[in-house]
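Here's the structure, in structure tokens; my notes come after.
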Amino acid sequence: MNNPIVKHLVAIVRIVLGAIFLYAAVLKIPDTAAFAGSIAAFLVLPYFGNYLVAAVLPWLELFCGILLVTGWRARPAAMLIALLNLFFIVALAAAMARGLDVDCGCFGKGKNGPPLLAIGRDLLFLAMAMLVIWQESRRVPE
């Protein structure tokens, strides 16, 4: 089935998901130290690991966002976004289970709402990424 309406709706989802990750990356890149502090609050990584993830993750999000918005290599980008969101969901759930009051830092310091809201948002992003993966796997090479 090659419904053009579905193709266009999935393209919109792909572009919106890419734009969300571009936006998140642009907010984090200038303030690596604040993002490292958000990561440190999860009490999972050693000190150096917090800064390493804070320095690399926003650039990875930016790169994936660009690929999703442009549609070039969208499937691998969506797969990476899906994996990242699975990791984010597990990390947030583990922090909540341990009674930690964390700010995920996804969209800048203090702008993310409670962890349960962030988990819901990440589940939505995961569903969007899965939809893009599904559509891209069905695409006929031109």
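Things worth noting here:
- Any pair with Cβ under 6 angstrom, 6 or more apart, that starts in region 10-30 at a residue that is under 19 Å from Val53 (Cβ atoms) and ends at one that is in a helix (DSSP H, G or I) and modelled with pLDDT under 95: Lys28/Phe35
- Filter pass, Leu126 being part of a helix (DSSP H, G or I), within 10 Å of the chain's Cα centre (by Cα) and crowded, with 18+ Cβ neighbours inside 10 Å: yes
- Residue in region 70-92 that is buried (at least 16 other Cβ atoms within 10 Å of the Cβ), in contact with a Pro (Cβ under 6 Å, 6 or more places away or on another chain) and more than 20 Å from Arg14 (Cα to Cα) present: yes
- Residues being aliphatic (A, V, I, L, M), buried (at least 16 other Cβ atoms within 10 Å of the Cβ) and over 12 Å from Cys104 (Cβ atoms) - total across region 41-59: 2
- Listed by first and then second residue, the pairs with beta-carbon distance under 9 Å, at least 6 apart or on different chains, first residue in region 91-112 and among the polar types (S, T, N, Q), second modelled with pLDDT of 90 or more, are Asn112/Ser38; Asn112/Ala118; Asn112/Arg121.
The values are calculated or read from the model by the stated rules, or taken from the named source; none is laboratory data. Being a predicted model, the structure only gives us computed values, none of them experimental. Note that we place each Cβ from the backbone using ideal geometry, even for glycine, and neighbour counts take in every protein chain shown.
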